[in-house]
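Notes follow the structure.
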Amino acid sequence: AYANGTFHIIYQNNASQEIYYLQAILDEYVNVDEPAMNHYRWFIHGDMLSIQLLEDSHHNTFLLCDVKGNVLQQTTIESNLLQIDLNQLSKGVYFFQVGGMSKPVKFIR
């Protein structure tokens with residue numbers, strides 16, 4: 001990890017044997033062994049949050065919430081890649097959750 005919280009993660013999907021590269025800015029531990037996390041890959045680049053479905057898991061719900069729990073965006077994922085423009089968000093702490101994730105993912109804008 002770099003001092004600004006940027007992590008570079010390389011991992012292999014056990015089922016497909018494909019190798020993935022992920023760059024993420026995290027401020028706390030995220031349990032990547034959580035079953036739902038095996039179906040998604042996410043990263044933030046600039047003002048864009050990208051969530052890629054690694055398996056056929058369409059029609060999952062995406063929720064974006066602020067630190068108070070207010071739902072800022074709710075949408076159904078209709079393709080393998082969902083991109084959310086974070087440009088309209090002010091600096092602060094936010095959470096997102098996809099489908100069957102037991103806990104939301106926290107990120108800082």
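Bear in mind these aren't lab numbers, they're just calculated from the coordinates by the rules spelled out. Predicted model, so just to flag it, every value in this text is computed and none were measured. Cβ placement follows ideal geometry from the backbone for every residue including glycine, while neighbour counts extend to all protein chains displayed.
The table that follows gives values for the structure above.
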item: Positive minus negative residues near residue 63 (Lys, Arg vs Asp, Glu; Cβ under 15 Å); result: +2
item: Linear extension gain, residue 90 paired with residue 67, 0.36 nm per residue minus alpha-carbon span; result: 7.1 nm
